[in-house]
Amino acid sequence: MNILFTASECVPFVKTGGLADVVGSLAPVLARQGHDVRVMLPLYTNIAQEWQQKMQFVLHFDVQLGWRRQYCGVLMLKREGVTYYFLDNKYYFGRPYIYGLGGDEYERYGFFCRAVLNALPLIEFHPAILHAHDWQSGMVPALLKIQYAHLPFYSDIRSLFTIHNLQYQGIFGIREVQDVLGLGDGLWSSDKLECYGCANFMKAGLVYADAISTVSPSYAEEITTAYYGERLDGLIRARKDTLYGVLNGIDTAEYDPQNDPLIYAPFSRDDLSGKAENKRRLQAELGLDVNPDIPLIAMVGRLTNQKGLDLVDCVLGEMMGENMQLAVLGMGDARYTNLFSWAETQYKGRIAARFAMDNGLAHKLYAGADFFLMPSLFEPCGLSQLIAMRYGTVPIVRETGGLRDTVLSYNEYNHVGNGFTFLNYNAHDMLTVIRRALGFYHGDRPVLEALQKRGMEADYSWAHSARDYVAIYEKLTTAI
């Protein structure tokens, strides 16, 4: 099957979040299963020179955006059986940022969506499935259905639109988007592109894609409710028959404690001694008290309310009343960088915070910590808890979205479970569960070791998810 992914980021080329991990991990798995998988991305200046030097120029063409004619170059790179195309326009993507600072995101990603469709016949690739990811690609299914489907080349292409995070929708003024994409007035009704008086790239994908998916079964259910639906729940309920929840996987080759060059010492499920060495050296590197008897809790991710950091803020003093350490890695809201900067000085040797996107340190935290805290307000899938379990770090999570699908709270009566969970979005519910986890660390290490091994032996690869996606693709193509 010919499959085209369109996305705004993809590892190893450019990454700001989990979207990049999904696209960069899923595409090679599908390629290994025999599919012709190609990925189209913007050519950002931020992409490392080591990758740019390997790209080959393919062709160039002009993209009509309203009254503008904009250059688009196509560069190509092949890696792990996947062909990657990078769409080049220095005005839109030659900036020192990926998202959000210029005020013209609608034009940047409107250009990208239009260029994706225009490029296909020129590169002589005819996909059976066009798989668009998140709002930056949301106009691809819409333009395909509205402006291209009557042309023979495009008439049998089917589209799947994947929601990675419904909160980020790409909301702009209608006139601005009309001006760029040439979408007539008749398309701006509530059943089509208009959304509460605005243009909404996410809604465009939801309305016009042949099918919709999101990144966990629980999140697929949650977004049909008003609480999680971000004002699009009515539309999603209307499309429930074509909505699928496919749980993300992780790259088990990159996240492999036996062969990870970024951690201090290798270890395995059968020999956890290396994990103790990782903890000792991590404590030393972060300036924490080096003590194997003090449990270390890690948090890695964006420093935002979505990740439950307001709960941590509420009970941080009580957490520090316990015999524990906390290590935090991430970038985000000033409220939380200020909080953890203050906490580092207040609890010297017990709290360490690093405000950066540091992949090497993230691997060390996954490998060296005893517990991984993820008390999210909502979590479409979450990769961090899967990575943590791969490294024998026991998750403490709130039961929402993909966290609910992947972490089962330990039951001391029948001994099932692989972590610790709480249901209500409440700081003291979280604190109670943290104390429960710490109790096993201090008082029942065999239980903790069993949870570590249970997490490490589970299969979090993309193999299962890839099969689920192929089933959706086949269903779409056989419906033609």
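The values are calculated or read from the model by the stated rules, or taken from the named source; none is laboratory data. Source: prediction; values computed, not measured. Cβ placement follows ideal geometry from the backbone for every residue including glycine, while neighbour counts extend to all protein chains displayed.
Is there a residue being outside any helix (DSSP H, G or I), touching a residue at least 12 places away in the same chain (Cβ under 8 Å) and touching a His at 6+ places or on another chain (Cβ under 7 Å) anywhere in the range 129-145? Yes, that holds for at least one residue.
Can you find a residue in the range 53-74 that is in contact with a His (Cβ under 9 Å, 6 or more places away or on another chain), in the same structural domain as A471 (by TED's automatic domain parsing), farther than 30 Å from G402 by Cβ and of a type in the set (S, T, Y)? Yes, the range 53-74 contains a residue that is in contact with a His (Cβ under 9 Å, 6 or more places away or on another chain), in the same structural domain as A471 (by TED's automatic domain parsing), farther than 30 Å from G402 by Cβ and of a type in the set (S, T, Y). Picking from residues in the range 242-257 that are of a type in the set (V, I, T) and at pLDDT 95 or above, the one that is surrounded by the most Cβ atoms within 10 Å (Cβ to Cβ) is V246.
Summed over the range 399-419, the residues that are under 29 Å from T162 (Cα atoms) and either more than 18 Å from the chain's Cα centre (by Cα) or surrounded by fewer than 24 Cβ atoms within 10 Å (Cβ to Cβ) (or both) give a count of 7.
For the range 312-346, the tally of residues that are charged (D, E, K, R) and within 22 Å of the chain's Cα centre (by Cα) stands at 1. Within the range 376-392, residues that are acidic (D, E) have Cβ atoms under 6 Å from residues that are at pLDDT 95 or above in these pairs: E379/T400; E379/G401; E379/G402; E379/L403, counting only partners at least 6 apart in sequence or on another chain. Being assigned by TED's automatic domain parsing to the domain that holds Y441, buried (at least 20 other Cβ atoms within 10 Å of the Cβ), touching a Leu at 6+ places or on another chain (Cβ under 6 Å) and closer than 28 Å to Y219 by Cβ is a property that does not hold for Y366.
When R175, R158 are checked against the criterion of being of a type in the set (K, R) and either surrounded by 19 or more Cβ atoms within 10 Å (Cβ to Cβ) or touching a residue at least 12 places away in the same chain (Cβ under 8 Å) (or both), a single residue qualifies: R158. Here the condition is being out of contact with any Pro (no Cβ under 9 Å at 6 or more places or on another chain), surrounded by fewer than 16 Cβ atoms within 10 Å (Cβ to Cβ) and in the same structural domain as E176 (by TED's automatic domain parsing); of H133, H150, it holds for H150 alone. When every residue of the range 315-322 is checked against the conditions, none turns out to be under 27 Å from K15 (Cα atoms) and not small (G, A, S). Within the range 83-94, residues that are small (G, A, S) reach partners that are crowded, with 22+ Cβ neighbours inside 10 Å and outside any strand (DSSP E or B) with beta carbons closer than 9 Å, at six or more positions or on different chains, in the pairs G94/L43.
Filtering the range 179-212 to residues that are surrounded by fewer than 23 Cβ atoms within 10 Å (Cβ to Cβ) and either among the small types (G, A, S) or without any contact (Cβ under 8 Å) to a residue 12 or more places away in the chain (or both) leaves G182, G184, D185, G186, S189, S190, G197, A211. Among the residues here, M357 qualifies as among the hydrophobic types (A, V, I, L, M, F, W, C) and modelled with pLDDT under 95. Scanning the range 332-360 for residues that are of a type in the set (V, I, T) and part of a helix (DSSP H, G or I), we see that the one that is surrounded by the fewest Cβ atoms within 10 Å (Cβ to Cβ) is T345. Tell me the residue from Y91, Y84, Y44 that is under 27 Å from R467 (Cα atoms), out of contact with any His (no Cβ under 9 Å at 6 or more places or on another chain), assigned by TED's automatic domain parsing to the domain that holds L130 and aromatic (F, W, Y), please. Unique residue meeting the criteria: Y84.
Quick check: anything in the range 188-207 part of a helix (DSSP H, G or I), modelled with pLDDT of 95 or more and over 17 Å from H164 (Cα atoms)? No, the range 188-207 has no match at all. Candidates are the residues of the range 6-17 that are surrounded by fewer than 21 Cβ atoms within 10 Å (Cβ to Cβ) and either polar (S, T, N, Q) or in contact with a helix residue (DSSP H, G or I) (Cβ under 6 Å, 6 or more places away or on another chain) (or both); the one that is nearest to Y168 (Cα to Cα) is T16. Restricted to the range 377-480, the set of helices (runs of 4 or more DSSP H) holding at least 1 residues that are more than 30 Å from S213 (Cβ to Cβ) and modelled with pLDDT of 95 or more comprises 427-443, 445-457. Of the set (1) at pLDDT 95 or above; (2) surrounded by fewer than 19 Cβ atoms within 10 Å (Cβ to Cβ); (3) under 13 Å from G301 (Cβ atoms); (4) not basic (K, R), all apply to L329 but (2).
Against the definition (touching a Gly at 6+ places or on another chain (Cβ under 8 Å), within 26 Å of F201 (Cα to Cα) and hydrophobic (A, V, I, L, M, F, W, C)), how does C113 come out, yes or no? Yes, satisfied. Residues of the range 24-70 that are out of contact with any Leu (no Cβ under 7 Å at 6 or more places or on another chain) and of a type in the set (V, I, T): V29, V39, T45, I47, V63. No other residue among S465, S461 is within 27 Å of the chain's Cα centre (by Cα), hydroxyl-bearing (S, T, Y) and more than 23 Å from E222 (Cα to Cα) apart from S461.
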